[in-house]
1. Among residues belonging to the stretch 189-198 that are open to solvent by 20 Å² or more (accessible area, probe 1.4 Å) and in a loop (DSSP other than H, G, I, E, B), point out the one that is nearest to Ile161 (Cα to Cα).
2. Consider Gly224 carefully, then state whether it is under 22 Å from Val39 (Cα atoms) and outside any strand (DSSP E or B).
3. So if I check each of Gln310, Gln275, which one is outside any helix (DSSP H, G or I), open to solvent by 40 Å² or more (accessible area, probe 1.4 Å) and not β-branched (Val, Ile, Thr)?
4. Check the stretch 268-280 and report whether any residue there is touching a residue at least 12 places away in the same chain (Cβ under 8 Å) and farther than 17 Å from Ser139 by Cβ.
5. Could you list, in sequence order, all residues of the stretch 173-183 that are assigned to a loop (DSSP other than H, G, I, E, B) and crowded, with 18+ Cβ neighbours inside 10 Å?
6. Checking Thr54 against (1) over 24 Å from Ala116 (Cα atoms); (2) touching a residue at least 24 places away in the same chain (Cβ under 8 Å); (3) open to solvent by less than 70 Å² (accessible area, probe 1.4 Å); (4) among the β-branched types (Val, Ile, Thr): exactly one of these is not met. Which one?
7. Which of the residues that make up the stretch 234-272 are crowded, with 20+ Cβ neighbours inside 10 Å, modelled with pLDDT of 95 or more and either of a type in the set (Lys, Arg) or in a helix (DSSP H, G or I) (or both)?
8. Go through Lys210, Lys201, Lys170, Lys186 for me and flag whichever is open to solvent by 20 Å² or more (accessible area, probe 1.4 Å), in contact with a Lys or Arg (Cβ under 7 Å, 6 or more places away or on another chain) and modelled with pLDDT of 95 or more.
Amino acid sequence: MRAVTFTNYGSPDVLLIKDVDMPRINEDEILIKIYATTVNRTDCGFRSAQYFITRFITGIFKPKNPIAGSEFAGRVVEIGENVKNFKSGDKVFGFEDVRVGAHAEYKAQTANGSVAKIPKGFSYEEVAPAGEGATYALSYIKSAQITKHQTVLVYGASGAIGSAAVQILKSIGAEVTAVCGTKNIKIVKNLGADEVIDYQKQDFTQINYKFDLVFDAVGKSSYGECRKLLKPTGKYCSSELGPKLQNPILALWFLIIGSRRVMFPIPKINQETMQHIAKLLDSGDYKPLIDKIYKFDEIVEATKYVETEQKTGNVVVKIV
């Protein structure tokens, strides 16, 4: 089969499409023929190892798994003898950030892992980007215990995580103020945001309004810049480690002193999360925002585009 491989950390140019052996499944696994995948921030972070800490997951000196890719959508073509929850022919999607391997024509996946059946009416390309952004968004929203009528500011509302967060927050009845660039104002309004701030024209940290949650979905702010926006019981969280790795450190500090002022939750990447996302898709409360669709042979170009940080929503790659 063909797969996108990398044997060293570095720029997108370390990615090479090669012929590799087909994966063999264990008794508790399924074999998935992948029709669509994505290039996302998780993939780029693991490939570049910009944060050295990621190497404790992916491999200190070189990648443990030479096949890239974390999101996938495809069809089950083989099941292990102990698998009961899937059958051959099932259409599935998932997000696997540790084992990765989604940038390939086939992938072995634990049947009880982070994979779920695709709701009816969705193409592989539409659902391939459903996993990563929604997983991270759900993690922060649940950790902050956001409920109906609470106020939330989402910075980076046009990205994969931010666009998922806006939609999920609106589905639970929260009041959402979204922050994005000029070109994406209309798109973000159509996601359901109550108010949209153009960060290219206005400094959102200077607005005269308080929030129950400030969620930085692109990791470009800091708690110090945003704390003036928080209600007395408000919370701040970011999808990145922050300047000098301050976000997990601050989260631990506030936990020690008995506060949740800053949070840095660990996402639950499991089957329960994927099934939750599938229900959101099926109900129409969430639809992944797609910027561009590339061919498999264009995956290096797709990766370079993602790293310009100019994408709107998700970048999808068609395997077939």
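1. Once the filter is applied, the top-ranked residue is Leu191.
2. Considered against the rule, which asks whether it is under 22 Å from Val39 (Cα atoms) and outside any strand (DSSP E or B), Gly224 comes out as no.
3. That would be Gln310, the only listed residue that is outside any helix (DSSP H, G or I), open to solvent by 40 Å² or more (accessible area, probe 1.4 Å) and not β-branched (Val, Ile, Thr).
4. Among the residues of the stretch 268-280, not one is touching a residue at least 12 places away in the same chain (Cβ under 8 Å) and farther than 17 Å from Ser139 by Cβ, which makes the answer no.
5. Ala174, the sole residue that qualifies.
6. Answer for Thr54: the failing condition is (2).
7. Scanning the stretch 234-272 gives a single hit, Lys235.
8. Lys210
The values are calculated or read from the model by the stated rules, or taken from the named source; none is laboratory data. Because the structure is predicted, anything quoted here is derived from the model rather than measured. FYI the Cβ positions are ideal-geometry reconstructions off the backbone, even for glycines, and counts take in every protein chain you see. In case anyone asks, the SASA skips ligands and DNA or RNA and just uses the protein heavy atoms, side chains included. Shrake-Rupley method; radii C 1.70, N 1.55, O 1.52, S 1.80 Å.
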